[in-house]
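A.B. asks: Here you go, one structure.
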Amino acid sequence: MSLFKDLDWKPMALVPVLALAALPAIGSPSTWLTLTVAGLAMGMIVFIIASGLTLVFGLMDVLNFGHGVFIALGAFVATTVLASMGSYTTADSLWLNLLALLPAMLVAMAVAGALGLVFERLIIRPVYGMHLKQILITMGGMIIGEELIKVIWGPEQIPLPLPEALRGAVLMGDAAVEKYRLLAVLVGAAVFAAMVWTLNRTKVGLLIRAGVQDREMVESLGYRIRRLFVGVFVAGSALAGLGGVMWGLYQQSVIPQMGAQVNVLIFIVIIIGGLGSTLGALIGALLVGLMANYTGFLVPKVALFSNIALMVAILLWRPQGVYPVTNR
Amino acid sequence: MLHRILSNDLPRSRWLAALLIILFLGLAFAPFLFPGVKALNVAAKVLVFVALVASFTMLLGRNGAGKTTTLRTIMGLWHASQGTVVLDGEDITQKPTPDIAHSGVAYVPESMGIFSDLSVRENMLLAARGARTLDDIDTTRLEWIFGLFPAMKKFWTHPAGKLSGGQKQMLAVSRAIVEPRKLLLIDEPSKGLAPAIIQNMIEAFRQLKAAQTTILLVEQNFNFARQLGDTVAVMDDGRVVHSGSMAELAADEALQSRLLGLSLGAHQ
């Protein structure tokens with residue numbers, strides 16, 4: 001796989017380096033393990049959300065600040081679906097619980113993907129190539145989406161309880177690791193694996209990678225990059241919807257403004273990653289997740305600032321992100 | 001034998017009927033490209049030339065004469081503000097680039113347009129539009145390309161970004177010829193290449209021409225152009241200022257220096 005050949009390993013080493021550097025600062029290994037798993041889980045969720053956005057930017061140079069609306073939509077759809085499957089979520093059986101979660105995730109992805117299709121047509125298409133307008137109109141799109149969510153589900157915070165069998169923690173030595181966080185890591189890893197496979201082993205994936213580097217040449221070879229872009233946008237929106245479900249379950253509640261909150265995080269992630277790089281987005285997401293959890297424990301007052309500081313530090317090292325996309 | 005293989009890929013009747021006429025009236029240069037150059041923005045350009053089927057047309061001219069603009073306009077990457085581009089009797093002026101590619105035009109830009117994060121293999125796979133996987137690529141044709149450019153075989157699985165400049169150029173040309181095309185638009189293929197490789201490239205183009213491919217080539221290297229060209233068009237300031245047979249231009253040194261300027265001496 002060309003992705004793993006001639007590997008630029010330094011950015012990958014950042015994740016374990018950050019984790020190990022935090023160990024002496026935290027002191028207790030069991031606390032450290034709990035925080036690390038929490039950080040990885042958060043990172044994986046953020047990655048699921050950010051992966052679509054980084055490709056959308058890489059492929060068409062589109063700054064979509066409205067990505068957050070798909071997150072919120074996915075999460076709210078999940079509350080409805082899970083509520084309608086009440087008995088499955090309260091049953092004390094992991095399989096029944098997963099049987100409830102799976103349709104919730106799939107419906108959330110389908111609805112977010114469908115909204116993505118409309119969003120691309122109505123909001124993004126008229127502003128191709130115009131960054132300032134993209135920022136303004138996608139922000140506007142997000143505000144409208146947020147208000148529509150309030151119209152449908154109401155402005156209040158809605159609880160999104162975890163299914164019965166996913167509550168609580170498993171003990172690893174002294175460390176308590178929440179079950180749901182392990183599930184989040186697994187789902188995130190599966191999404192990443194699927195993406196790597198698609199991008200490396202399928203022709204559509206090759207076209208996406210090629211398009212991120214040189215749109216014009218992809219068109220000259222006879223491929224319609226707009227169509228490719230719509231596909232990536234819809235897939236990215238669906239992934240954001242999935243990420244929204246995961247995020248909502250992680251927080252155990254959803255509010256209409258959650259999209260805007262996560263937006264800041266995901267932009268930090270894709271900037272760290274190199275705007276267009278999937279692997280970069282994964283590393284950025286894991287770093288952000290770990291950093292947020294470590295600083296939240298050690299110095300809660302700077303927790304908000306810590307991710308910005310992380311981004312600044314990384315940009316001082318590699319001004320175009322950890323894996324800059326070449327040819328651009 | 002090779003000739004047979006290559007021409008068998010193509011419906012012959014189509015070739016006999018095919019006549020490529022490229023006609024630009026007022027090829028106004030994209031103002032955003034050269035914002036500072038007033039002369040290019042203002043003047044209405046007239047550019048008329050015809051590239052005959054299965055022939056080699058060289059497009060020569062000084063820097064900034066509009067050679068690359070011409071190729072990009074044919075490819076639909078820029079649009080002519082006036083005039084028409086006709087391919088095989090069909091008006092392609094307003095067609096989007098992918099459709100033009102589907103009509104059988106392949107383009108090798110001056111920047112080469114290599115996907116550097118992808119391997120040589122993956123670059124070739126994308127260029128072979130009809131192929132879903134590598135197995136679908138015509139192996140005889142691939143072997144032919146490997147014969148012309150051995151480096152392609154050697155670095156088959158390497159990331160294209162790690163290739164040298166000359167190897168990238170070979171890859172760019174290989175991509176354009178991996179499937180049969182009607183018309184190749186090639187922008188300065190000899191730039192930065194070692195003389196031995198230039199000879200391989202000349203050989204490749206000769207074989208393609210023998211297989212009924214029409215080639216429109218922009219070149220600064222007059223020696224290269226002289227060896228390949230059947231007809232030549234010389235551009236200056238967005239117009240064709242001379243067109244005729246290559247042999248005629250090659251024989252007439254006074255005409256060369258008038259059309260192409262003193263810089264020519266450096267290439268010879």
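The values are calculated or read from the model by the stated rules, or taken from the named source; none is laboratory data. These numbers were taken from a predicted model, which means no experiment stands behind them. Don't worry about glycine lacking a Cβ; one is built from the backbone with ideal geometry, like all the others, and counts go over all protein chains shown.
A.B. asks: I'm checking my understanding of the structure. Among residues of the range A:167-192 that are assigned to a helix (DSSP H, G or I) and touching a Lys or Arg at 6+ places or on another chain (Cβ under 8 Å), which one is nearest to the other protein chains (Cβ to nearest Cβ)?
C.D. replies: Taking the range A:167-192 as the starting set, the residues that turn out to be assigned to a helix (DSSP H, G or I) are A:179-192.
Those still in the list that are touching a Lys or Arg at 6+ places or on another chain (Cβ under 8 Å) too: A:179-180.
Numbers: A:Lys179: 38, A:Tyr180: 36 Å.
Filtering first and then ranking leaves A:Tyr180.
A.B. asks: Just one of (1) in contact (Cβ under 8 Å) with a residue 12 or more places away in the chain; (2) over 19 Å from B:His102 (Cβ atoms); (3) within 14 Å of chain A (Cβ to nearest Cβ); (4) in contact with a helix residue (DSSP H, G or I) (Cβ under 8 Å, 6 or more places away or on another chain) trips up B:Ala128, so point out which.
C.D. replies: (2)
A.B. asks: If you check every pair at least six apart or on different chains, which have Cβ atoms under 9 Å apart with a residue in the range A:48-59 that is surrounded by fewer than 24 Cβ atoms within 10 Å (Cβ to Cβ) first and a residue that is of a type outside the set (Val, Ile, Thr) second?
C.D. replies: Pairs found: A:Phe57/A:Leu63; A:Phe57/A:Asn64; A:Phe57/A:Leu275; A:Phe57/A:Gly276.
A.B. asks: When both residues are 6+ apart or on different chains and their Cβ atoms are under 7 Å apart, which pairs have a first residue that lies in the range B:182-205 and is on the phi > 0 side of the Ramachandran plot, and a second that is modelled with pLDDT of 80 or more?
C.D. replies: B:Glu188/B:Glu110; B:Glu188/B:Val218; B:Glu188/B:Glu219; B:Glu188/B:Gln220; B:Gly192/B:Gly165; B:Gly192/B:Gly166; B:Gly192/B:Gln169
A.B. asks: Another question, then. Looking at this structure, is B:Gly89 buried (at least 21 other Cβ atoms within 10 Å of the Cβ), in contact (Cβ under 8 Å) with a residue 12 or more places away in the chain and small (Gly, Ala, Ser)?
C.D. replies: No: the conditions fail for B:Gly89.
A.B. asks: Could we say that A:Val234 is part of a helix (DSSP H, G or I), modelled with pLDDT of 90 or more and within 14 Å of chain B (Cβ to nearest Cβ) here?
C.D. replies: Criteria not met by A:Val234.
Residue by residue, here is whether (1) buried (at least 18 other Cβ atoms within 10 Å of the Cβ); (2) away from every other protein chain (no Cβ under 11 Å); (3) of a type in the set (Phe, Trp, Tyr); (4) under 27 Å from B:Thr69 (Cβ atoms) holds:
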residue: B:Thr157; (1), (2), (3), (4): no, no, no, no
residue: B:Gly161; (1), (2), (3), (4): no, no, no, no
residue: B:Ala194; (1), (2), (3), (4): no, yes, no, no
residue: B:Phe205; (1), (2), (3), (4): yes, yes, yes, yes
residue: B:Leu208; (1), (2), (3), (4): yes, yes, no, yes
residue: B:Ala211; (1), (2), (3), (4): yes, yes, no, no
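A.B. asks: Surrounded by fewer than 21 Cβ atoms within 10 Å (Cβ to Cβ) and in a helix (DSSP H, G or I), is that true of A:Val107?
C.D. replies: yes
A.B. asks: Tally the residues that are loosely packed, with under 13 Cβ neighbours inside 10 Å and at pLDDT below 85, restricting the search to the range B:241-250.
C.D. replies: Count: 0.
A.B. asks: Output the residues belonging to the range A:208-237 that are surrounded by fewer than 24 Cβ atoms within 10 Å (Cβ to Cβ) and of a type in the set (Gly, Ala, Ser).
C.D. replies: Scanning the range A:208-237 gives A:Gly222, A:Gly231, A:Ala235.
A.B. asks: If a residue must be in a helix (DSSP H, G or I) and closer than 16 Å to B:Gly192 by Cα, how many such residues does the range B:163-181 contain?
C.D. replies: Of the residues in the range B:163-181, 9 are in a helix (DSSP H, G or I) and closer than 16 Å to B:Gly192 by Cα.
A.B. asks: Within the range A:193-211, is there a residue that is touching a residue at least 12 places away in the same chain (Cβ under 8 Å), part of a helix (DSSP H, G or I) and more than 14 Å from chain B (Cβ to nearest Cβ)?
C.D. replies: yes
Results for (1) touching a residue at least 60 places away in the same chain (Cβ under 8 Å); (2) away from chain B (no Cβ under 14 Å); (3) more than 20 Å from A:Val234 (Cα to Cα), shown as yes or no for each residue.
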| site | (1), (2), (3) |
| --- | --- |
| A:Leu23 | no, yes, yes |
| A:Val37 | yes, yes, yes |
| A:Thr79 | yes, yes, yes |
| A:Leu82 | yes, yes, yes |
| A:Val107 | no, yes, no |
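A.B. asks: Out of A:Gly284, A:Gly280, A:Gly289, report the one residue that is within 14 Å of chain B (Cβ to nearest Cβ), crowded, with 24+ Cβ neighbours inside 10 Å and touching a residue at least 24 places away in the same chain (Cβ under 8 Å).
C.D. replies: A:Gly280
A.B. asks: What do you reckon, is A:Leu3 within 30 Å of A:Pro324 (Cα to Cα), at pLDDT below 85, assigned to a helix (DSSP H, G or I) and of a type in the set (A, V, I, L, M)? First the steps, then the outcome.
C.D. replies: Values: within 30 Å of A:Pro324 (Cα to Cα): yes; at pLDDT below 85: yes; assigned to a helix (DSSP H, G or I): yes; of a type in the set (A, V, I, L, M): yes.
Yes, satisfied.
A.B. asks: Hey, among the residues in the range B:163-183 that are surrounded by fewer than 21 Cβ atoms within 10 Å (Cβ to Cβ) and among the small types (Gly, Ala, Ser), which one's farthest from the other protein chains (Cβ to nearest Cβ)?
C.D. replies: B:Gly166
A.B. asks: Just to be sure I understand the filter: pairs with C-beta atoms under 6 Å, separated by 6 or more residues or on different chains, first member in the range A:113-124 and charged (D, E, K, R), second member in a helix (DSSP H, G or I) and buried (at least 23 other Cβ atoms within 10 Å of the Cβ). Which pairs pass?
C.D. replies: So the pair list comes out as A:Glu120/A:Phe233.
A.B. asks: Which condition number in (1) more than 21 Å from B:Thr68 (Cβ to Cβ); (2) part of a loop (DSSP other than H, G, I, E, B) is the one that B:Ala247 fails?
C.D. replies: (2)
A.B. asks: Out of A:Leu148, A:Leu228, report the one residue that is within 26 Å of A:Arg125 (Cα to Cα), touching a residue at least 24 places away in the same chain (Cβ under 8 Å) and assigned to a helix (DSSP H, G or I).
C.D. replies: Exactly one of A:Leu148, A:Leu228 is within 26 Å of A:Arg125 (Cα to Cα), touching a residue at least 24 places away in the same chain (Cβ under 8 Å) and assigned to a helix (DSSP H, G or I), namely A:Leu228.
Quick grid of which residues meet (1) part of a helix (DSSP H, G or I); (2) within 14 Å of chain B (Cβ to nearest Cβ); (3) within 16 Å of the chain's Cα centre (by Cα):
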site: A:Leu7; (1), (2), (3): no, yes, no
site: A:Val17; (1), (2), (3): yes, no, no
site: A:Ile49; (1), (2), (3): yes, no, yes
site: A:Val56; (1), (2), (3): yes, no, yes
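A.B. asks: I'm trying to understand the selection: among the residues of the range B:70-86, which are within 14 Å of another protein chain (Cβ to nearest Cβ) and in contact (Cβ under 8 Å) with a residue 40 or more places away in the chain?
C.D. replies: Hits for the range B:70-86 are B:Leu71, B:Thr73, B:Ile74, B:Met75, B:Trp78.
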